[in-house]
1. What is the residue count in the stretch 80-114 for residues that are in a loop (DSSP other than H, G, I, E, B) and either at pLDDT below 95 or farther than 27 Å from E158 by Cα (or both)?
2. For the stretch 78-116, how many residues are surrounded by 24 or more Cβ atoms within 10 Å (Cβ to Cβ) and among the acidic types (D, E)?
3. Specify the residue that is modelled with the lowest pLDDT; the eligible residues are those in the stretch 117-138 that are of a type in the set (A, V, I, L, M, F, W, C) and open to solvent by 10 Å² or more (accessible area, probe 1.4 Å).
4. I'm checking my understanding of the structure. Among residues of the stretch 190-217 that are more than 19 Å from the chain's Cα centre (by Cα) and of a type in the set (A, V, I, L, M, F, W, C), which one is nearest to K74 (Cα to Cα)?
5. Which one is nearest to N173 (Cα to Cα), of the residues in the stretch 1-18 that are of a type in the set (D, E, K, R) and free of Cβ contacts under 8 Å to residues at least 12 places away in the same chain?
6. Go through the stretch 139-194 and count every residue that is out of contact with any His (no Cβ under 8 Å at 6 or more places or on another chain), modelled with pLDDT under 95, within 19 Å of Y207 (Cβ to Cβ) and open to solvent by less than 80 Å² (accessible area, probe 1.4 Å).
7. Can you confirm whether K127 is out of contact with any Ser or Thr (no Cβ under 6 Å at 6 or more places or on another chain) and within 23 Å of R55 (Cβ to Cβ)?
8. Among the residues in the stretch 19-40, are any at negative phi, open to solvent by 30 Å² or more (accessible area, probe 1.4 Å) and free of Cβ contacts under 8 Å to residues at least 12 places away in the same chain?
Amino acid sequence: MKIVTFSHYKEINDEVLKDSYAIVIDLLRATSTMICAISNGAKRIIPVEKIEEARLFKKLDESVLLGGERGGLKIEGFDLDNSPLSYKQEVVFGKTIVFTTTNGTRALKMAAGAKRTFLGSFINAQKTAEYIIKEALHYNIDTISIVCAGTEEKFTLEDILCAGYFVDLFKENLPDVFLDDLSLASHVLYKKFENDPHEILKYSYHYSHLKRLGFEADLEFCLKKDFVDCVCEYENLIVEKV
């Protein structure tokens, strides 16, 4: 099995992607938030790139919830922001959510050419890795692509750290895993800071930006591992529970 990691969505190699299972990571916060919403009973999530697209869905169906952010903050007129803590069961259960963020929803669109595309985060990594391993072995898939969303079309430390945790899970449970250089680097970084990711991320750009905006609780939530028992897949332009 080969693990290939892309530092942000604009670096995706379509030739590699098309024969692989992909995991898209926007740890702070888009994939963490979507996974949380689905685990709390949201019927489905429709990721879109533009604010205008989301508003059009609302015009066509008033029952949908609009969620997302620009610059880390709630979009004017939207029902929800990009905080996983906003997507409580009493708010999202049975609902369709139309969701747009600066990086995460774009990364999902770019990764849609994979054989299957999953959402990744610390919060559900083990369950997602277990599912992918089982499916990949059954269907003889020989490549797993980890797509980091990045921030402002650049490398971002938190996504790479989470990618390293996925690499760790795959190394523990798959024979003869080959890692490309970025997968190897992400794994080394993760192993150094696995017990306290805040120790390194407190120096990083996006983590610090969210902390300045007052989202300390979101940072704590998104950096906890494996307390969500939910695997989410992006297929036919929709995120749903597997």
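1. The number of residues fulfilling the criteria is 5.
2. Qualifying residue count for the region: 0.
3. The qualifying residue modelled with the lowest pLDDT is L137.
4. So the residue we want is L213.
5. Among them, the one singled out is E15.
6. So the count comes out to 0.
7. no
8. Looking through the stretch 19-40, none of the residues is at negative phi, open to solvent by 30 Å² or more (accessible area, probe 1.4 Å) and free of Cβ contacts under 8 Å to residues at least 12 places away in the same chain.
The values are calculated or read from the model by the stated rules, or taken from the named source; none is laboratory data. Because the structure is a prediction, the values reported are computed rather than measured. Note that we place each Cβ from the backbone using ideal geometry, even for glycine, and neighbour counts take in every protein chain shown. Accessible surface is based on the protein model in full, side chains and every heavy atom, while ligands, DNA and RNA are left aside. Shrake-Rupley method; radii C 1.70, N 1.55, O 1.52, S 1.80 Å.
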